[in-house]
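Encoded as structure tokens, the structure appears first; notes follow it.
The values are calculated or read from the model by the stated rules, or taken from the named source; none is laboratory data. For clarity, every value in this text was computed on a predicted model and none was experimentally measured. Virtual Cβ from ideal backbone geometry, glycine too; neighbours counted across all protein chains shown. Remember, those area values only see protein heavy atoms, side chains included, never the ligands or the DNA or RNA. Shrake-Rupley method; radii C 1.70, N 1.55, O 1.52, S 1.80 Å.
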Amino acid sequence: MATEADILKTLEGLYGPGGAPLAGAVSGINLSGAKAFVSLSGDPSQAQAWEAARLAAERAIKAAPGIEQAVVTLTAERAPRVEAPPPPQRKGIPALEKIRFIVAVASGKGGVGKSTTSANLALGLAAQGWRVGVLDADVYGPSMPRLFGLTEKPTVEGGKLAPLEAYGLKIMSMGFLVDENIPMVWRGPMVSQAISQMLGEVVWGELDALVIDMPPGTGDVQLTIAQQVPLAGAVIVSTPQDLALIDARRAVAMFQKVEAPILGVIENMSYFLCPHCGGRSEIFAHGGARHDAEQMGVSFLGEAPLDMKIRETSDASRPVVAAEPDSPQAAVYLNLAAKVKTLLETQKRRAAPNIFVS
Ligand code: ADP
């Protein structure tokens with residue numbers, strides 16, 4: 001009976017594409033009586049050259065004593081092991097160094113309730129005794145001035161911007177710096193400068209958490225923020241519709257790419273609560289975000305209803321957690337905040353600024 005060593009011997013003197021000895025390309029030998037099954041692994045982009053080598057190997061093995069049948073198959077070579085690229089070098093941002101946890105609230109597209117979630121999450125974290133800031137980095141449609149009823153301009157202290165305050169939160173918004181009436185096309189070139197100004201030139205002081213209301217989407221501006229800021233985690237907001245979910249998946253992928261931990265996904269406008277009869281209607285086929293979160297292997301953080309009170313309180317510049325902290329609507333965000341706080345405190349610390357090379 002032929003042995004594996006006999007089979008390898010038959011391949012002596014045979015070479016694969018590029019002149020490498022064929023015996024070295026054998027990735028498996030299976031002998032069953034007089035039958036030999038051999039697999040060769042090769043680069044699939046050289047399939048034709050490998051086919052010639054495969055036939056030669058089959059002939060040689062079949063001619064070996066004790067072998068009547070030889071089947072040689074080609075398998076794709078595993079991609080050469082490439083060392084994982086080093087994490088992007090982030091410059092330490094001194095203005096952010098006294099902040100324990102920086103959390104990005106992001107969405108794949110606009111209008112899904114990202115700012116509403118950011119504001120109420122920040123209020124929820126503050127309700128648990130944390131010192132909290134909100135950075136409204138939604139350069140395309142800053143919402144924090146409206147959500148918190150802030151119209152003043154921030155003052156400058158020692159060459160840095162002092163955040164405004166509302167409900168005990170420190171707040172900085174693109175909307176304080178750029179006139180809302182300036183057309184978007186003019187704002188464009190200001191965007192990157194404004195982002196770096198907001199990241200590097202705000203006196204936050206000591207904070208337990210800074211909630212960043214990200215610009216919607218996954219373009220360059222979002223990627224730049226995700227890369228530059230030592231994020232402790234990201235919360236992704238989505239509505240249950242398929243289209244929003246596709247975009248939410250992109251947002252998850254973007255944070256994974258920059259190796260920022262994803263705290264989880266929240267489904268906003270998950271179901272409609274009728275203010276008259278209290279009935280619940282699942283307008284957008286509730287549950288899609290939970291399902292997608294499971295599929296992507298990220299946590300599901302909860303669902304907020306499509307609810308008049310949430311919109312009215314936001315429009316009245318008193319987000320629901322501040323306006324009616326005991327309401328069931330506020331409870332949704334207080335629960336979200338409690339989960340986020342626990343996740344931040346228990347996850348392996350990766351985001352402390354001192355891990356970044358300055
Ligand atoms: P984004 O930041 O994603 O663009 P916003 O938070 O500004 O979205 O929300 C868009 C609009 O939808 C706002 O008018 C807001 O008040 C309203 N909204 C957001 N979430 C809810 C909700 N759960 N129920 C009712 N209205 C909501």
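Here are a few things to note about the model shown:
- Considering residues of segment 293-325 that are part of a loop (DSSP other than H, G, I, E, B) and at pLDDT 95 or above only, the residue surrounded by the most Cβ atoms within 10 Å (Cβ to Cβ): 319
- Annotation note: Cβ proximity below 7 Å between a residue of segment 28-57 that is farther than 24 Å from residue 2 by Cβ and a residue that is exposed (fewer than 13 other Cβ atoms within 10 Å of the Cβ) (sequence gap 6+ or interchain) occurs for 44/76.
- Failed item in (1) of a type outside the set (Gly, Ala, Ser); (2) within 15 Å of the ligand (Cβ to nearest atom); (3) at pLDDT below 95, with residue 186 passing the rest: (2)
- Failed criterion for residue 227 (all others in (1) within 13 Å of residue 140 (Cβ to Cβ); (2) in a helix (DSSP H, G or I) hold): (1)
- Of the residues making up segment 145-159, those that are crowded, with 16+ Cβ neighbours inside 10 Å and more than 10 Å from the ligand (Cβ to nearest atom) are 145, 148, 150, 154.
- Among (1) in a loop (DSSP other than H, G, I, E, B); (2) surrounded by fewer than 23 Cβ atoms within 10 Å (Cβ to Cβ), the one test that residue 218 misses: (2)
- Note on segment 222-248: residues that are of a type outside the set (Asp, Glu), surrounded by fewer than 19 Cβ atoms within 10 Å (Cβ to Cβ) and more than 20 Å from residue 307 (Cβ to Cβ) total 5.
- Scope segment 253-281; condition polar (S, T, N, Q) and surrounded by 23 or more Cβ atoms within 10 Å (Cβ to Cβ); matching residues: 268, 270
- Selected residue [in contact with a helix residue (DSSP H, G or I) (Cβ under 7 Å, 6 or more places away or on another chain) and within 11 Å of the ligand (Cβ to nearest atom)] from 232, 226, 304, 260: 304
- Test set (1) in a loop (DSSP other than H, G, I, E, B); (2) crowded, with 23+ Cβ neighbours inside 10 Å - residue 284 fails condition number: (2)
- Considering 238, 327, 299, the condition of being hydroxyl-bearing (Ser, Thr, Tyr), within 16 Å of the ligand (Cβ to nearest atom) and free of Cβ contacts under 8 Å to residues at least 60 places away in the same chain is satisfied by 327 alone.
- Qualifying positions in segment 100-139 - open to solvent by less than 10 Å² (accessible area, probe 1.4 Å) and more than 16 Å from the ligand (Cβ to nearest atom): 101, 102, 125, 132, 133
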